[in-house]
Amino acid sequence: MSPFLRDVTLLALGVAAILTLLTVLGERARHKRPGDAGVGLFIARVDSWWAMAILFTLAMLAGEWAMILLFAIASFAALREFYTYAARMKADHLSLALAFYILLPAQFLFVYFDLPRLFTVFIPVYAFLLLPFVSMLRGSTERFLSRVAEMQWGLMIAVFCLSHIPALMLLDLPGHEGDGRGMLLIAFLVLAVQLGDLAEFYLGRRALGPLGRKRVVPGLSAKTWEGAFWGLAAAGLTGLALFWITPFGPLSAAAMGVVASASGQAGALVLRAIKRSRGLRDWSHLIPGQGGFLDQLDSVIFAAPAFFHLTRLWWMTG
């Protein structure tokens, strides 16, 4: 068994053990409190986590192409959710078609063919200049700036930011060439951010009650400063526990977990503000118990570019 396959197996078994424990706790709670909506929501979330963990593991075992395809599909779904509620008119149909069927596939193809100079500037430079021009050609100037800005924002968060996750596989990490560390970095990032979010939610808002009353942004989110601290702590501990699947040392892995969680929590607040401006509770209901892809990936969307570039600029040049 190769070191990569061994690490993937150990990681998958660890995640399966955690999900099994959560499943047992959920079933016990359902037996004690039949019909409880909160318990039903918790079980639905755990079932969704099982499905996502299985898909993610299969993609890791299949290879880089499968991981890139997985996130390209997630990006397509997230972009569709965002544009469903974005300002648009008939004059923008061609621009939207370009976003879905040309710009999005091109971005992930740049990742697949390991073209970092293109994938890091293609959307924030060339797509940002192209879309307003295409919409302008239709001659409609009504709410032109807001329409263009929302199209650009959709590409930025749903495509550009998400493409940084599979791009982690392509980093040439000194001393780890060809050993799958890049693939495992994706698992590290997702687990650190998601477990940090879980700790922030349950410890900061639920379990500790009085300790979670100071809201970060009153009137926008129930996220509290105490919860944010617990989320950072949980992400740091997750990074420390998973340092063996990364090119980092224990303390560096813990620090990277904290950075990812801090970026992710900021992203969750930004996406919440956008939802609130549209009067939405969830972006969609595609994932049972989780809302839509943007609801599930809001933290990872902001964490991915920060994590990618910090890894690239620090550990590759240090």
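Do we have any residue at all in region 267-282 that's buried (at least 24 other Cβ atoms within 10 Å of the Cβ) and of a type outside the set (A, V, I, L, M)? There is no residue in region 267-282 that is buried (at least 24 other Cβ atoms within 10 Å of the Cβ) and of a type outside the set (A, V, I, L, M). Against the list (1) farther than 25 Å from F229 by Cα; (2) aliphatic (A, V, I, L, M); (3) surrounded by fewer than 20 Cβ atoms within 10 Å (Cβ to Cβ); (4) at pLDDT 80 or above, the condition L198 fails is (1). Remark: S48 matches the filter, which requires a residue to be touching a strand residue (DSSP E or B) at 6+ places or on another chain (Cβ under 9 Å) and surrounded by 14 or more Cβ atoms within 10 Å (Cβ to Cβ). Take the conditions under 23 Å from W225 (Cβ atoms), in the same structural domain as K223 (by TED's automatic domain parsing) and within 17 Å of the chain's Cα centre (by Cα) and apply them to F293. Does it pass? Taking the combined requirement at face value, the residue does not satisfy it. Considering every residue within region 143-159, establish whether at least one is crowded, with 19+ Cβ neighbours inside 10 Å and basic (K, R). Yes, because at least one residue in region 143-159 is crowded, with 19+ Cβ neighbours inside 10 Å and basic (K, R). The number of residues in region 210-250 being assigned to a helix (DSSP H, G or I), closer than 29 Å to T311 by Cα and small (G, A, S) comes to 9.
Identify, from the list I123, I186, the residue that is modelled with pLDDT of 90 or more, not assigned by TED's automatic domain parsing to the domain that holds V259 and not basic (K, R).
That would be I123, the only listed residue that is modelled with pLDDT of 90 or more, not assigned by TED's automatic domain parsing to the domain that holds V259 and not basic (K, R).
Just one of the listed residues (A266, A253) is of a type in the set (A, V, I, L, M) and within 23 Å of R45 (Cα to Cα), namely A266.
When you scan region 85-109, how many residues do you find that are closer than 21 Å to A74 by Cβ and free of Cβ contacts under 8 Å to residues at least 24 places away in the same chain?
Keep residues of region 85-109 that are closer than 21 Å to A74 by Cβ, which gives 85-86, 96-109.
Now narrow it down to the ones that are free of Cβ contacts under 8 Å to residues at least 24 places away in the same chain: 97, 101-102, 106, 109.
Residues that pass the stated criteria total 5.
Would you pick out the residues in region 201-238 that are at pLDDT 85 or above, surrounded by 21 or more Cβ atoms within 10 Å (Cβ to Cβ) and over 15 Å from S263 (Cα atoms)? Listed by number, the list holds a single entry, T238. Within region 232-263, being in contact with a Ser or Thr (Cβ under 7 Å, 6 or more places away or on another chain) and either under 20 Å from I186 (Cβ atoms) or of a type in the set (F, W, Y) (or both) holds for A235, A253, G257. Within the set L173, L130, the sole residue that is outside any helix (DSSP H, G or I) and either modelled with pLDDT of 90 or more or touching a helix residue (DSSP H, G or I) at 6+ places or on another chain (Cβ under 8 Å) (or both) turns out to be L173.
Here A86 passes the criteria (1) at pLDDT below 90; (2) part of a helix (DSSP H, G or I); (3) more than 20 Å from the chain's Cα centre (by Cα) except the one numbered (2). Entry remark, region 236-251: residues being in contact (Cβ under 8 Å) with a residue 12 or more places away in the chain and closer than 22 Å to R6 by Cβ number 9 in total.
The values are calculated or read from the model by the stated rules, or taken from the named source; none is laboratory data. The structure displayed is predicted, hence computed values, not measured ones. Because the Cβ atoms are built from the backbone with ideal geometry, glycine has one as well, and the counts that use them run over all protein chains shown.
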